[in-house]
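The structure under discussion appears below in the form of structure tokens.
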Amino acid sequence: MWSFWRSRDRFSLEELRYLTDQLKKVQIVNEVNKNFVIEALRSIAELVTYGDQHDPTFFEFFMEKQVMGEFVRMLKISRILSVALQVLQTMSIMIQNFKSEHAIYYIFSNEHINYLITYSFDFRSEELLSYYISFLRAISGKLNKNTISLLVKTQNDEVISFPLYIEAIRYAFHEENMVRIAVRALTLNVYHVGDEGVNRYVTSTSLAEYFSDLIKYFRKLCIALDGLVFEAAKNPGPESTSSILSAVDEIEDYLYYFSDAISAGVPNLATLITNNVLQLLVFPLLLPSLAVEPTYGTQIGATTSLYLLCCILRIVKIKDLANSIAAALFCCPSDFVQIIEAKPNGITSNHNLLSENEQLENDGTGDKENNGSLRISVENLSSSHIHAVEDSYLQQRGVGPRFAFREALLSYIVHGDDIQVLGSLSVLATLLQTKELDESMLDALGILPQRKQHKKLLLQALVGEGPDEEQLFSSKCSSMKDGVISVLDSYLQNLKDQYGLSCSCREVGVSPRVYRFQVLDALVSLFCRSNISAESLWDGGWLLRQLLPYSEAEFNSHHLKSLKVSYKNCIDSLLQEVRGVWPDLLIAILTDEWKKCKKAIESSSPQKDPKSILLPPPKCTSDGESSLFAGERLCTKVKVFVLHHQLQIFSEGGALPDQPPVVSSIDLPSNSRAAIAGLDVLHPKPGTEINLVPCRIAFERGKERHFFFLAVSKETSGWLLLAEELPLKQQHGVIRVAAPLAGSSPRIDDKHAKWLHLRIRPSTLPFGDPTKFDSFGKGRAKSLVDGRWTLAFRDEESCKSSYSMILEEMNLLSNEVERRLKPLLEFDRSADDPDSSHPPSEALSSTSALPTDSL
């Protein structure tokens, strides 16, 4: 009865008829006939799908015999899991592969689909749940304004039931990620249909709880992320970073889901999401976590909060949400007490956050008596008053519970650690780039770009509302207009009326220009800090360039003086590297970093992704004694110097050149060792013939070899050369080994005066290419280490002569590098300043400037 071994054509109507007839004869599904039932269901789905695309008579037969009813009947008369799986798979295959609208319309036009949707499956089987969710998602993929009406129940033209949507959102927070993803995709398919009745239904009071539950679940993800960040800070490694990135991906997926749902155009959906995001996430959790001092209620880390604020503003494109968050930055932590206390079942973070914020309070430079000096209440500030505000801000410390979150961001920039600086800069940059944010709100925050300020003033002047023409582009004209205050105050009033949030620290009548100067002061203070990474400083340079793209007018004397002092410190630091381990690569690194820095501060967005603040800081690739450590330090100093030099040009109103002003090379003196030795190339290769000094060296234990030795420098390159003697030319040899001269740290052995010890560093810096290093600073390729040479000479005099030769050539190399850097190093010096350069004789007599020991 159940045999399939017949001569019928497999893809024929006769085969379909036979399978249907046999299926109708089944009265109960048991272990005996279950295999036939499963195979029949599978084959019928295959035949009907084939007929939909090739022969309409197949589907006509399917409809005539009501085969879908047989599928449902098999489910009713079976308690076998594999049969339920096959029914769901059969329906999913047909729905996904049907091409004709007629077929889809028929499938959806009876109650069989809704029966399957609401059937009580035994979901203790994860496999069955997976098949069920795939079935629901397949249905949602075929929804349009015509088909969706077949799956809903209406009363008086209003949707009262939508089983597909209701059953799907039951699994919106399932522990299996693939199930959650499928549910989100299904709901988006529903929203994007655009059916007015369905839109009213999904945003009705009875179903609005889905969105609040969604935000609550999202909040749990945020707190879980904060726990991962906290643990990674204690135990950094590849596993912790991988966990953080996975959590970040899921969080961003949910935010993109919110954005996609809003883009569907469902009425009231944007308002629904905005209210829930503000009430359940931003106000009780994210903003209070920014407070420098501990606040009431639950907190997560400031680092995680800064990242999440950036993500919300960047991804969720809702005007009211963006402006409400910006307005809330003018509120104080104490303003949120009532909101937090109204959430008795709030979620508690996994760790105490006092340690993250204590470093600001415990800073030895703090002055608690200055708490409050960031708040300025004035009606009409004169220029002198504003400059007094500017000059006092750099000495201010402390942001307590009565100070706005905006001021906390600035405090992190001025006094926070590297991660807090980068996070605060990321928030300000994200606000500045948020198109949904009103320009008047940016002006109130003090981060409205100067070009937009001028455009705004020009428009006001054209309609007769602005200042006089001669004041139009003056930096001393106040930008406080009714529009600026009204927009901010309207959103603050809305926060009070709708969310019960009263902003107690908002000072009435404060000019936006005061806030703008606070931002500029914070950035200048940042540039003067020595304990911040170059990458964070570059992001600060990007923000400054956005605020002041082409004018130095808003820099006051205190700004210029602070930048000048910091720039001179950078010069001194760079000069130490000229006499350090890597002077031969300094100019090349500086030229490369100049281009990168110019590109970074002139780009359309900051170079650092906000998620980078969550990851553990990279481990140092080498110890403090190695040349690679010195190379990393050199790169950092060059990056900071380049930024400061470009800031000097910018502060004077100049345009940044594409290349740094470095002096070109000069002809090699005829009495130089390189010329006398006959070396006419910058990078000597094995086989080159030169004049040398005899010595011995063993590259392997017990295998001593005789070589000739020479130290030479040419332009900004220097080499230690070992060569084999030419039989026909005395005191001449052919180069066999060449090593960098710089960083060799020559030292005569204390017990053997004929021995000369040299450190041999790599010829290049491998971390110059970021693609060769992962996020932990660990090289993907084999890391290079310093080598050691011990040269044994014939007598003490030869050893001392070689030692002096190395020092002299190293000094010549450093002098040449310093000569080429002279236009950069003397950018702000007078040409007649006697301290602006060092004569060679002084450099030769100073042993402290030479790298005689390991760094």
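No value in this document is a laboratory result; all are computed from the given coordinates. Because the structure is a prediction, the values reported are computed rather than measured. Cβ sites come from the backbone with ideal geometry, for glycine too, and all protein chains shown count toward neighbours.
Using 0.36 nm per residue and subtracting the Cα-Cα separation, the extra length available between residue 785 and residue 126 on full extension is 231.9 nm.
For residue 259 and residue 591 in one chain, what is 0.36 nm times their gap in residues minus the Cα-Cα distance, to one decimal in nm?
Numbers: separation 332, 0.36 × 332 = 119.52 nm, distance 4.24 nm.
So the chain would gain 115.3 nm between residue 259 and residue 591.
Counting only Cβ charges, +1 for Lys and Arg and -1 for Asp and Glu, the dipole size of segment 8-120 around its Cα centre is about 440 debye. Extending 7 Å from the Cα toward the beta-carbon at both residue 337 and residue 220 defines two label points whose distance is 3.2 nm. Over 21 Å between C-alpha atoms is what I'm after, so list which of 99/142; 24/153; 568/639 land there. Result: 24/153 exceed 21 Å. Estimated from the Cβ-Cβ distance and a Förster radius of 25 angstrom, the FRET efficiency linking residue 819 and residue 568 is about 0.80. Distances between placed amide hydrogens fall under 5 Å for residue 748 paired with 757, all partners being 5 or more residues away or on another chain. Here the label points at residue 658 and residue 54, each 7 Å from Cα along the C-beta direction, are separated by 6.3 nm in the simple model.
With an a/c value of 1.5 or above and a/b larger than b/c for the gyration tensor axes a ≥ b ≥ c computed over the alpha-carbon atoms, segment 92-235 is described as prolate. Note on residue 705 and residue 576: with the Förster distance fixed at 41 Å, the Cβ-Cβ geometry gives a FRET efficiency of about 0.65.
By its C-alpha gyration tensor, with a ≥ b ≥ c as the square roots of the eigenvalues, how is segment 8-120 shaped: rounded for a/c under 1.5, else prolate for a/b larger than b/c, else oblate? Judged from the Cα gyration tensor, segment 8-120 comes out oblate (a/c at least 1.5, b/c at or above a/b). Cross-linked pairs 234/317; 703/754; 595/637; 564/822: Cα-Cα separations exceed 26 Å for 234/317.
Computed from the C-beta positions of residue 161 and residue 39 and an R0 of 45 Å, the FRET efficiency is 0.80 to the nearest 0.05. Computed from backbone phi with θ = phi - 60° and the Karplus coefficients 6.51, -1.76 and 1.60, the 3J(HN,Hα) list for segment 21-30 is 4, 5, 5, 5, 7, 6, 9, 8, 9, 9 Hz; x is used for glycine and proline. Compared with the alpha-carbon gap, the fully stretched path from residue 489 to residue 32 is longer by 156.9 nm at 0.36 nm per residue. The distance linking segment 68-113 with segment 196-247 is 34 Å (Cα centroid to Cα centroid, whole angstrom). Compute the Cα gyration tensor for segment 564-628, then decide on rounded, prolate or oblate, letting a ≥ b ≥ c be the square roots of its eigenvalues: rounded whenever a/c is under 1.5, prolate when a/b is larger than b/c in the other cases, and oblate in all that remain. Oblate.
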